[in-house]
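J.: The following block contains the structure, expressed as structure tokens.
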Amino acid sequence: MIAGEQPRDESARTDQHPREGRRPGHRGRALTVVVDDRGIEAALRVFKRLVLKEGLLKDIKRHEHFEKPGDRKRRKTREAIRRRRRQAARTRARFGDRE
């Protein structure tokens, strides 16, 4: 924050579209990689890792064609099931199977 600048409260903005801001930090935030003494190759590896972590390529490919609302709902349901399975597997691996 710059001295003398008002703190930005994203929830108090009224000029924001109702659907914006649901996933904070995903839209409109640029990925920044600084090239330091390690060179351009290291910076490129870091950039590729950030792009993969953010899921930008998957998002771009998904937006290449229109997705019908029913298909979107089915995809989101599948993703949620996969996420819950992974979380359960991590929990079992961390604490052991207590059954």
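Just so it is clear, none of the values below were taken in a lab; they were calculated from the coordinates. Given the structure is predicted, the values throughout are model-derived calculations rather than measurements. Neighbour counts are summed over all protein chains in view; Cβ atoms, including those assigned to glycine, are modelled from backbone coordinates with ideal geometry.
J.: Give me the one-decimal nm value for the distance between modelled label points at K58 and E41, 7 Å along each residue's Cα-to-Cβ direction.
T.: So the label points at K58 and E41 sit 3.0 nm apart.
J.: Go ahead and run the numbers for FRET between R84 and K48, Cβ-Cβ distance against an R0 of 41 Å, rounding to 0.05. Don't jump to the answer; show the numbers that get you there.
T.: Values: r = 29 Å, r/R0 = 0.70.
The computed FRET efficiency comes out at 0.90.
J.: Straight distance only, please: which lysines reach the Cα of K53 with their own Cα at less than 24 Å, same-chain residues fewer than 8 apart left out?
T.: Hits, sequence-local ones excluded: K61, K73, K76.
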